[in-house]
Amino acid sequence: RYYYDIFSEFIFQSNSHFYDFNVSYTTRLGNNHRLTARYFQSRDRNNMAFNTFYKIFGNTINFDIYDDFEFSLENRWKNYTGTLIHKWVMNPRMYLRSQVYYSAHQSENLNQVDFKFDITGTETDTLKLEWKTGSSFTNRIGDLCVKTFLNILLFKDNNLRIGGEYNYFNFENNAVIN
């Protein structure tokens with residue numbers, strides 16, 4: 001838990017939450033086989049709108065320039081991982097371990113600015129300004145892996161490990177600036 005979200009809930013209208021979930025299960029399939037399944041998931045979400053802060057600041061300096069000013073940030077992260085492991089003990093000096101896993105990461109970072117500025121002096125002297133902009137940055141990363149290796153105990157402190165691994169990675173990035 002981050003403690004800034006307690007303070008930022010009041011000042012920045014923050015609606016933040018975070019969680020992690022982790023589970024693992026192992027079972028024996030006979031005397032020489034073990035199967036393990038694991039899953040992990042996490043999500044983080046952090047939203048901030050600065051309207052309350054600007055109103056407090058504008059009231060403090062007795063200037064309402066910030067009444068029509070909006071600035072917000074939104075960040076979201078997600079992580080998932082799933083793993084399946086099979087271990088086959090062939091004899092006390094040799095085992096085969098095979099594993100398949102997939103992991104994914106996703107993030108979205110969004111911001112928005114909406115600004116209106118209007119100062120009216122005399123009938124002919126008026127300054128009006130309006131500006132709206134926003135941006136969005138997203139990415140996704142995926143990783144699929146299959147690996148297996150044979151471990152042989154040659155001597156008391158010496159092991160021989162033979163195996164192979166295959167990985168497939170997927171990257172997606174996107175940026176929108178308005």
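Values as computed for the structure displayed
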quantity: Computed label-point distance, nm, for sites D143 and Y166 using a 7 Å Cα→Cβ extension; calculated: 1.9
quantity: HN-Hα J in Hz across region 19-29 - Karplus 6.51, -1.76, 1.60, θ = phi - 60°, x for Gly and Pro; calculated: 7, 10, 9, 9, 9, 9, 9, 10, 9, 9, 10
quantity: Nearby lysines by direct alpha-carbon distance to K147 (threshold 17 angstrom, same-chain neighbours under 8 apart not counted); calculated: K87
quantity: Under 5 Å, built H, 5+ apart or other chain: amide partners of S16; calculated: N47
quantity: Using θ = phi - 60° and Karplus 6.51 cos²θ - 1.76 cosθ + 1.60, couplings along region 144-158 (whole Hz; Gly, Pro as x); calculated: 10, 9, 10, 8, 8, 8, 10, 10, 10, 7, 7, 9, 3, 10, 10
quantity: Hits among lysines - C-alpha to C-alpha of K132 under 30 Å, sequence gap 8 or more where chains match; calculated: K55, K78, K116
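Each reported figure results from applying straightforward, stated rules to the coordinates on display, with no laboratory input. No experiment lies behind these values; they were computed from the predicted model shown. Every residue, glycine among them, receives a Cβ derived from its backbone with ideal geometry; neighbour counts consider all protein chains shown.
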